[in-house]
There are 2 protein chains.
Amino acid sequence: MSKGESTKTAILDEATELASLVGLGGLTIGTLAAATKLSKSGLYAHFASKESLQVQVLQHARDRFTDVVMRPTVATPRGEPRVREFFDRWITWQSTGYAGGCIFVDAASEFDDQEGPVRDELVRAERDKLESLTMIVGTAVSEGHFRDDVDPEQFGYELEGIVLAHHHARRLMRDGRAEERARRAFDRLVDDCRPVARSA
Amino acid sequence: MSKGESTKTAILDEATELASLVGLGGLTIGTLAAATKLSKSGLYAHFASKESLQVQVLQHARDRFTDVVMRPTVATPRGEPRVREFFDRWITWQSTGYAGGCIFVDAASEFDDQEGPVRDELVRAERDKLESLTMIVGTAVSEGHFRDDVDPEQFGYELEGIVLAHHHARRLMRDGRAEERARRAFDRLVDDCRPVARSA
DNA sequence: TCAAGAACCGAACGATCGTGCTTTTATGAG
DNA sequence: CTCATAAAAGCACGATCGTTCGGTTCTTGA
C-alpha cells in the first residue's frame, strides 16, 4: 500500500470514529485534521469535497461491517443458527464497533431528510443489509427451522427494531440491561417463528 | 400573551420544525432568523445561548407530545385499549408531527455522546415517557388484559423498538408499508401478552 | 542515486458561526 | 396621548467553516 493510501485509510479510520461521536454533519475538516495530526489542506487533498469525505466514511464503515458481521455470519450453518449469529454480531457491532455507537444509526436520522449522495449511500447500505437479512431468514424457512408463513421482510423489520431499541437504551439511557432486553426480545421473535405450537 | 411571549412561541415552533429537518445541532441562529423573518440579534435576545435555545426547543416539543399523545391516551379506558391508543398516537406523532420526523429520535442519536443540558433534557423526556408507558402497561396487567408475568419495562423496550423501526423504515427507506409493518409487530407483541394460551 | 511525481504544508479567501454591544422602533399602562 | 419599557434591529467581534493555491518536502521507481 502506497503512502497516500495508508494515510487515507488512517484518516477514514479516525473520521469514522469521530463521526460516531459528533455525527457525520458535525464532523469538520479542522477537528479531523487535528485528530490525525495533519494540516487542513494536507488532509483535504485526499478528498474532492466534504460531502465526498462523508460518503467515503460511510463506505469505509460498510466495509468493516461486512468484515466483522456479514462474513462470519454467512460462514455459520444456515437456518436459525445463522440468524442468531447475525443478531449477536450486529448487537456486538453496536456496542463495541465505534466509540459513539453505530454510525449508520446516527447518520440515518441526521440525513434522512437531506437529499444527496450521503443519503443515497445510506439507503444503499441499508437496502443491502436488509436484503441479506431477508435471505438469511428465508433460508431458515426453507430449512424448516421457521414456519412457512413467516414473512422474512417483517422479520427483518422487527429485528431492526430490536437493534435500534438496543442502541437507544444503551447509548442514550445507558441502561445496563439493554443487551439482556434485546436478547429477550429476539428470543420472543424467534420463538414466534418456530413450526411447532408452543407449550400450552 | 404579551408580544414577547408570542414571538418566542413562534420562534420555537419554527425552530422545532427546522430542527426536525437538519437536527438540533444543524440548527443555526442565522437560518432560524431568516425563517422567522427576524434579525439574528433580535431573535437571539429571546435566549441566553444557543444551548439554551436547543433545550427550550426540546421542552417545546415535549409539551406538544403531551398534548397530542399523552393526554388523549390517559383519557381512554385503562388496560389494553389505552396501550393501543398510546401506540396509535405515537406512530401518528412520528408520521405527521413534524416535517423531518420525530425530533427526539433525531436528537437522541445526535446527542447521546455529548454531555450537557441538551442530553440531560433528552434523557429526562425519555425517562418520563418510559415511566408513563410502564404504568399504562402495568395497568393492563392488573386489569387482567395482560398476563401476570408480563414485564412492563420489557414491553416498553420492545414497543420503543417497533416505533424506532417505523421511523427508520418510513423516513430513511421511504417504505410505504412501514406503518402496516409496525401494526403487525405491535399485534404480535400484544398477542404474546394475552392471558389465554393461543390457538393450538 | 536522482529526477519525477506524490504527499503535505502555510497562508489566505469569503462566508457563516455564536455572541456581545448600542440604537431604533413598537407596545401598552396610566 | 405620553412616556417608560419591552422588543427588535444594526453593527461588529473573533473564531471557525469549507475550499483554493503556490510552494516545500518526501516517496518511489528507474
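The values are calculated or read from the model by the stated rules, or taken from the named source; none is laboratory data. None of these values were measured; they are calculated from a predicted model. Glycine gets a Cβ as well: all are built from the backbone with ideal geometry, and neighbour counts include every protein chain shown. For accessibility, only protein heavy atoms count, side chains too; no ligands or nucleic acids. Shrake-Rupley method; radii C 1.70, N 1.55, O 1.52, S 1.80 Å.
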Restricting attention to the range B:20-32, does a residue exist that is under 15 Å from the mean Cα position of the chain (by Cα), away from chain A (no Cβ under 13 Å) and within 16 Å of DNA strand C (Cβ to nearest atom)?
no
What residue, among those in the range B:163-175 that are open to solvent by less than 10 Å² (accessible area, probe 1.4 Å) and over 17 Å from residue B:96 (Cβ atoms), is farthest from the chain's Cα centre (by Cα)?
B:172
Out of everything in the range A:40-60 that is open to solvent by less than 80 Å² (accessible area, probe 1.4 Å) and either near DNA strand C (Cβ under 8 Å from one of its atoms) or hydrophobic (A, V, I, L, M, F, W, C) (or both), what residue ends up being farthest from the other protein chains (Cβ to nearest Cβ)?
A:42
Of everything in the range A:70-124, what is under 14 Å from residue A:136 (Cα atoms), open to solvent by less than 10 Å² (accessible area, probe 1.4 Å) and not in a helix (DSSP H, G or I)? Give them in sequence order.
A:79
Any residue that is within 19 Å of the chain's Cα centre (by Cα) and of a type in the set (A, V, I, L, M, F, W, C) - is there at least one of those in the range B:41-52?
no
Across the range A:30-49, what is the total count of residues that are touching a residue at least 12 places away in the same chain (Cβ under 8 Å) and over 24 Å from residue B:118 (Cβ atoms)?
5
Given the conditions (1) within 25 Å of residue A:101 (Cα to Cα); (2) open to solvent by 30 Å² or more (accessible area, probe 1.4 Å), every one holds for residue B:151 apart from (1)
State whether the residues of the range A:64-81 include one that is modelled with pLDDT of 95 or more, within 16 Å of DNA strand D (Cβ to nearest atom) and of a type in the set (D, E, K, R).
no
Complete set of residues in the range A:125-148 that are within 23 Å of residue B:107 (Cα to Cα) and not acidic (Asp, Glu)
A:125
Can you find a residue in the range B:133-148 that is within 15 Å of the chain's Cα centre (by Cα) and in a helix (DSSP H, G or I)?
yes
Considering only residues that are open to solvent by 30 Å² or more (accessible area, probe 1.4 Å) and more than 9 Å from every other protein chain (Cβ to nearest Cβ), look in the range B:176-195 and name the one that is modelled with the lowest pLDDT.
B:195
Residues that are more than 7 Å from chain A (Cβ to nearest Cβ) and of a type in the set (Gly, Ala, Ser), drawn from the range B:136-170:
B:138, B:140, B:142, B:144, B:156
Based on what the data block shows, is residue B:173 at the interface with another protein chain (Cβ under 8 Å from one of its Cβ atoms), at negative phi and at pLDDT 95 or above?
yes
